[in-house]
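> Can you keep this structure in mind? I'll have questions shortly.
Values in this text are rule-based calculations from the coordinates and carry no lab data. Computed from a predicted model, the values in this text were never measured in an experiment. Neighbour counts are summed over all protein chains in view; Cβ atoms, including those assigned to glycine, are modelled from backbone coordinates with ideal geometry.
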Amino acid sequence: MSDSGGDASFDHDELPFGSFTSLEMRGVPRVGVAVGAQVLDLTAAAAVLVPRHSELFERGSLDPLLASGAAVWAEVRAALQSADLSAHRTFPISDVQMLLPFTVADYVDFYASEHHATRAGQILRPGSQALAPNWRAMPVGYHGRAGTVVVSGTPIRRPTGQLPPVADAPPEVGPTRRLDFEAEVGYVVGAASTPGHPVSVDAFADHVFGVCLLNDWSARDIQGWESRPLGPFLGKSFATSISPWIVPLAALQSSRRPVPSAASALPYLRESSPWGLDLMLEVRVDGQLIGRLPYTAMHWSPAQMLAHLTSNGTPLRTGDLYGSGTVSGPGDDECGCLLEASRNGERPLDLPDGTSLAWLEDGMEVVISGTAAGPDGTRLTLGEVRGRILPAGG
């Protein structure tokens with residue numbers, strides 16, 4: 001269970017879905033829809049608002065809705081948009097406890113920002129080619145650990161692992177000294193696919209229900225030592241945080257943009273209609289702004305990532321989650337992780353309060369928030385994902 005639902009206020013046409021509870025509900029989960037700064041109890045109201053599909057909301061999890069498919073998603077959304085939601089019971093978002101909104105089946109993380117991949121390559125492989133030859137040919141990714149995906153507000157325990165040896169000494173085992181965040185966008189799969197049948201790039205919206213914000217916590221020293229030649233492994237798998245509200249793809253139509261890979265992609269990665277997104281992320285550590293990150297700079301779209309993920313015939317399952325990879329732009333203040341921003345700790349950031357930051361310390365809280373381009377020049381909120389660092393052990 002997370003902390004409170006926060007102070008987010010969602011546009012009335014956005015209608016993100018989540019799972020929540022309260023003391024009044026004695027911890028029993030309910031499906032909620034955010035309307036402005038209120039949460040509609042859809043589990044209670046479904047029999048009136050969406051009578052044909054009320055059973056999808058009885059369990060208090062998004063799992064049944066996700067599995068129902070795109071036609072039902074559209075029907076439910078249309079019913080909610082046309083109804084007077086104020087006539088049904090709501091709760092202030094700040095008063096409820098948010099839960100992990102769906103059961104995470106598999107978790108995959110991509111590496112879709114050319115600016116992040118280039119900086120990381122320059123930092124970690126000086127004197128070598130920053131981008132590997134395959135990077136512009138396909139969306140590169142790795143498989144993570146679904147069981148350690150947690151909802152926003154869940155404290156993050158500093159991981160322990162093998163640390164790189166110094167000189168001729170053997171490697172040590174201890175708490176990471178280089179704990180980092182990675183600001184990302186997550187994509188939530190609803191409709192499953194058939195084993196052995198790739199999902200085409202243009203079938204993206206038939207399978208992906210919506211988006212969330214994602215923090216791919218990283219222990220850079222553990223990651224660097226273990227990733228020779230495989231990885232990432234334990235340097236990533238200890239925790240991944242996601243925001244509690246899943247914003248439907250249908251709410252992001254005004255955000256769609258082409259991506260840089262559109263002209264050069266192989267045939268199976270060519271989109272007939274672009275699914276790049278005009279999003280903006282912000283990262284704060286203990287309330288201090290670390291960076292503003294333009295998602296429009298991402299090289300690969302989420303539709304291309306999904307097509308590549310399934311191109312060998314691997315099936316999608318309801319609740320699959322995949323991340324965009326660190327979102328970074330070309331500017332020095334557009335770095336989506338401390339590995340980039342502090343140049344692997346060698347150039348600590350000067351913060352507004354006069355302190356400096358190279359890596360995350362115990363007690364620090366990281367908050368990633370985001371917005372999306374809406375109709376008529378408006379901006380839609382994507383909410384936030386937050387996590388506070390606890391000491392190792394205990």
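> If R0 is 22 Å, what FRET efficiency do you get for Leu289 and Ser254 from their C-beta distance, rounded to 0.05?
For Leu289 and Ser254, the calculated efficiency is 0.25.
> A further question follows. Multiply the residue separation of Ala262 and Ala79 by 0.36 nm, subtract the distance between their alpha-carbon atoms, and state the gained length in nm to one decimal.
That works out to 62.4 nm of additional length.
> What's the long-distance tail for the chain, i.e. % of Cα pairs beyond 41 Å?
Above the 41 Å cut-off, the chain has 12 percent of its Cα pairs.
> If R₀ is 30 angstrom, what is the calculated FRET efficiency for the pair Glu58 and Ala87, using the beta carbon separation as r and rounding to 0.05?
The calculated FRET efficiency here is 0.90.
> Highest mean first, what order results for 163-174, 10-21, 316-327, 371-382 on Cβ atoms within 10 Å?
So the peptides 163-174, 10-21, 316-327, 371-382, ranked by packing, come out 316-327, 10-21, 371-382, 163-174.
> So, one more: Assign unit charges at the C-beta atoms only (+1 for Lys and Arg, -1 for Asp and Glu), then state the dipole size of the chain relative to its Cα centre in Debye, rounded to the nearest 20.
Here the size comes out at about 720 debye.
> Quick check: residue separation of Thr378 and Asp362 times 0.36 nm, minus the Cα distance between them. What number comes out in nm?
Answer, rounded to one decimal: 2.0 nm.
> Efficiency by 1/(1 + (r/R0)^6): what FRET value for Glu346 and Arg125, r their Cβ-Cβ distance, R0 = 22 Å, to the nearest 0.05?
0.90
> Which whole-number percentage describes the relative contact order of the stretch 17-99, with Cα contacts under 8 Å and a sequence gap of 6 or more?
38
> Moving on. Under a Cβ-only charge scheme (Lys and Arg +1, Asp and Glu -1), can you give me the dipole magnitude of the stretch 85-200 about the Cα centre, in debye to the nearest 20?
It comes to approximately 80 debye.
> For the stretch 104-166, compute the orientation-averaged projected area of the C-alpha convex hull (one quarter of its surface), in nm².
6.8
> I've got another one for you. If each residue of separation counts as 0.36 nm, what is the full-extension length gain between Arg145 and Ser94 once their alpha-carbon separation is subtracted?
Working it through step by step, the gained length comes to 15.3 nm.
> Oh, and also: Given springs between every Cα pair under 10 Å in a Gaussian network model of the chain, which of Asp221, Asp353, Asp333 has the largest fluctuation?
Per the Cα network of the chain with a 10 Å cutoff, Asp353 tops the list.
> Next question. At 7 Å along Cα-to-Cβ for each site, give me the label-to-label distance between Ser227 and Met25 in nm.
In this crude label model, Ser227 to Met25 measures out at 3.8 nm.
> Calculate one ³J(HN,Hα) per residue across the stretch 291-299 by plugging θ = phi - 60° into the Karplus curve 6.51 cos²θ - 1.76 cosθ + 1.60, and present them in order as whole Hz with x for glycine and proline.
Per residue, the Karplus-derived 3J(HN,Hα) values read x, 10, 10, x, 5, 4, 7, 5, 6 Hz.
> What spacing in nm lies between the two simple spin-label points modelled at Arg136 and Glu282, each 7 Å away from Cα in the Cβ direction?
3.5
> Give me the base-10 log of I(q)/I(0) for the stretch 238-378 at each q in 0.17 Å⁻¹, Debye formula, one uniform scatterer per Cα, rounded to two decimals.
-1.09
> Summing +1 for each Lys or Arg and -1 for each Asp or Glu, what net charge is found among the other residues whose Cβ lies under 10 Å from the Cβ of Pro260?
0
> Just need the relative contact order of the stretch 107-390 here, percent rounded to a whole number, with Cα pairs under 8 Å and 6+ apart.
Worked out over the stretch 107-390, it gives 27 percent.
> Can you list the equivalent-ellipsoid semi-axes of the stretch 166-264, largest first and in whole Å, using the square root of 5 times each Cα gyration tensor eigenvalue?
Computed over the stretch 166-264, the values are 35, 17, 14 Å.
> Got a sec to turn the phi values of the stretch 20-31 into Karplus ³J(HN,Hα) couplings, 6.51 cos²θ - 1.76 cosθ + 1.60 with θ = phi - 60°, whole Hz, x for Gly and Pro?
So the Karplus estimates, Gly and Pro as x, are 9, 8, 7, 4, 4, 8, 6, x, 6, x, 10, 7 Hz.
> Roughly what % of Cα-Cα distances in the stretch 17-99 sit above 23 Å, to the whole percent?
Percentage above 23 Å: 14.
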